[in-house]
Amino acid sequence: MFDQLVGKLPVGIGIVDENFNVVYLNDFFLDRLPHELRNDYKEKPVTELFQGQGKFLKRRLKSVFVLQHPSFSYWEQRPHIFPFKSSRPITGEETQMYQNMEILPIKDKTTGNKLACIFLQDVTAQASYFRAQQKLSEALKKEHEAQRKLIRKLDTAQSQLIQAEKMASTGQLAAGIAHEINNPIGFVNANLNTLGQYAAHLISICEGVQPHLNSFGEEVKEHIASLFESNHYDLLKEDMSELIVESTEGLTRVKDIVDNLKNFSLETSEGIQTVEVCSVCNQLITLISAQYSTPQYKFECAQEKVEVMGNPGPLKQALMNVMINAAQAIEDKGFVKLSVIENTDTVTFKILDSGKGIAQKNIKRVFEPFFTTKPEGQGQGLGLSVAYTAIEQHQGKISISSKEGKGTVVEITIPKKLVPTEELTETAPEHETE
Ligand SMILES: Nc1ncnc2c1ncn2[C@@H]1O[C@H](COP(=O)(O)OP(=O)(O)OP(=O)(O)O)[C@@H](O)[C@H]1O
Ligand SMILES: [Mg+2]
């Protein structure tokens, strides 16, 4: 009865001797032997009867005989040791049987010979289920990744939109104000010129009168001399022309700022073209220094002109955002230095400030849209994320390094020539930390 039970078990049971010759096979194995061998399998090598992965099977059997220790083989590592067809074609996909195999060392009670018992378990159903689950989780992972990318894209698009809107309205406002300021500047300038000439006339009248004072009567002479003295004529003469010169200079500076403002705000996106970056940087410094007057500004460029191919709007925007951050980082005294370095195929902009710097824990986050450490209403956390996208679109790199309490360096490197892409020709401008 026991023999019958072992024979019918739904697992493979086979016994082999030290030469790998078969001593016993239960029905599970027998049913999978060719008909002609079913009554003639004993004393034949197991690897000859079942020509699957003979080498592997032999190695495992040998180790069991030598070490006298069980050996287990899991389907995931070795799915098909015996060349059996799938007994349970669950999905129809599996044509071969997935197997777990365990080999146990045993002894022949009568002869004392070493034997090995092979247990073979059909795990096609579990394997098939496991594989289906694996495929599903891979598909889910992919979907999750796609969703993550989409969310990032949406985040970026949103930040671009807000910045673009902000820039458009500030740009319009700035252009409007610049236009309005231009008119008064014009007439104040003209009036100052006339005033200068009038002053020169008045001075020459006075200068003309002075040598003839002695020809007047004593009373008139004294009266005129006291008029000169009580009105501080000498001081007026000296100071008046200086004041007019200084005012004219001040007005020229206001005119420069207004012109730069107009230049900066009117150019939004004109597509890819040659951009002379030295003058862009000069204009930028004039503008930023007018708004943030605390830092001392330095500009360094070995060449008079440096040209790159790019989209001026986003490029200027990126530089401006980084420069504003640098200027805002100076709380009391300090400097902001902008250097333009021309390399063979690229141009590097280095923006260095001696400001408060960035805390180590924040440095990885500064390019994230909406990341800000500034008080509410002062920063939206968009400057660097927009700069990052603009530089990425210019096939360039932007990196930031900083020491808290010492200062920050931002380095932007863009190629002089770039391969035109769709993104670059679009209006909207859009991270790497060290
Ligand atoms: N030069 C710098 N010095 C110190 N901190 C900086 C500097 N540049 C950037 N940061 C830090 O990075 C954060 C993100 O900068 P980002 O320009 O993206 O946003 P923001 O300046 O806070 O706001 P927004 O630019 O929208 O007005 C800042 O809040 C600040 O903490
Ligand atoms: Mg900023």
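Looking only at the range 35-83, residues that are among the acidic types (Asp, Glu) and within 14 Å of MET101 (Cα to Cα) come to 1 in all. So for the range 327-345 (the condition being crowded, with 17+ Cβ neighbours inside 10 Å and near ligand 1 (Cβ under 7 Å from one of its atoms)), does at least one residue qualify? Yes, the range 327-345 contains at least one residue that is crowded, with 17+ Cβ neighbours inside 10 Å and near ligand 1 (Cβ under 7 Å from one of its atoms).
Here the strands (runs of 3 or more DSSP E) wholly within the range 1-86 that include at least 1 residues being modelled with pLDDT of 90 or more, touching a Leu at 6+ places or on another chain (Cβ under 7 Å) and more than 28 Å from PHE130 (Cβ to Cβ) are 12-17, 22-25. Within the range 329-343, the only residue that satisfies the criterion of being within 23 Å of the chain's Cα centre (by Cα) and within 14 Å of ligand 2 (Cβ to nearest atom) is ALA329.
Conditions (1) surrounded by fewer than 16 Cβ atoms within 10 Å (Cβ to Cβ); (2) outside the structural domain of GLN296 (by TED's automatic domain parsing); (3) on the phi < 0 side of the Ramachandran plot; (4) in contact with a Lys or Arg (Cβ under 7 Å, 6 or more places away or on another chain), marked per residue:
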{"site": "SER354", "(1), (2), (3), (4)": "no, no, yes, no"}
{"site": "ILE358", "(1), (2), (3), (4)": "no, no, yes, no"}
{"site": "THR372", "(1), (2), (3), (4)": "no, no, yes, no"}
{"site": "PRO375", "(1), (2), (3), (4)": "yes, no, yes, no"}
{"site": "GLY381", "(1), (2), (3), (4)": "no, no, no, no"}
{"site": "TYR388", "(1), (2), (3), (4)": "no, no, yes, no"}
{"site": "SER402", "(1), (2), (3), (4)": "no, no, yes, no"}
{"site": "GLY407", "(1), (2), (3), (4)": "no, no, no, no"}
{"site": "VAL410", "(1), (2), (3), (4)": "no, no, yes, no"}
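Any residue at all in the range 280-293 that's more than 16 Å from ligand 1 (Cβ to nearest atom), in a helix (DSSP H, G or I), buried (at least 16 other Cβ atoms within 10 Å of the Cβ) and β-branched (Val, Ile, Thr)? The answer is yes, given that some residue of the range 280-293 is more than 16 Å from ligand 1 (Cβ to nearest atom), in a helix (DSSP H, G or I), buried (at least 16 other Cβ atoms within 10 Å of the Cβ) and β-branched (Val, Ile, Thr).
All of ALA127, ALA174, ALA116 fail the test of being in contact with a Phe, Trp or Tyr (Cβ under 8 Å, 6 or more places away or on another chain) and modelled with pLDDT under 85, apart from ALA174. Only one of the numbered conditions (1) at pLDDT 95 or above; (2) more than 16 Å from ligand 2 (Cβ to nearest atom); (3) in contact with a Gly (Cβ under 9 Å, 6 or more places away or on another chain) is not met by SER401, and that is (3).
Within the range 355-370, the set of residues being within 14 Å of ligand 2 (Cβ to nearest atom) and β-branched (Val, Ile, Thr) comprises ILE358, VAL366. In the range 228-250, the residues that are assigned to a helix (DSSP H, G or I) form no Cβ pair under 6 Å with any partner that is exposed (fewer than 15 other Cβ atoms within 10 Å of the Cβ), whether six or more places apart or across chains. Mind listing just one residue for me: the one in the range 412-434 that is modelled with pLDDT under 90 and not in a loop (DSSP other than H, G, I, E, B) and, of those, surrounded by the most Cβ atoms within 10 Å (Cβ to Cβ)? If we take residues in the range 412-434 being modelled with pLDDT under 90 and not in a loop (DSSP other than H, G, I, E, B), then LEU424 is surrounded by the most Cβ atoms within 10 Å (Cβ to Cβ). Check whether at least one residue in the range 320-328 is modelled with pLDDT of 95 or more, outside any helix (DSSP H, G or I) and within 13 Å of ligand 2 (Cβ to nearest atom), and report yes or no. No, that holds for no residue.
The values are calculated or read from the model by the stated rules, or taken from the named source; none is laboratory data. Note that the structure is predicted; figures quoted are calculated from it, not measured. Cβ coordinates were reconstructed from backbone atoms using ideal geometry, including for glycine residues, and neighbour counts include every protein chain displayed.
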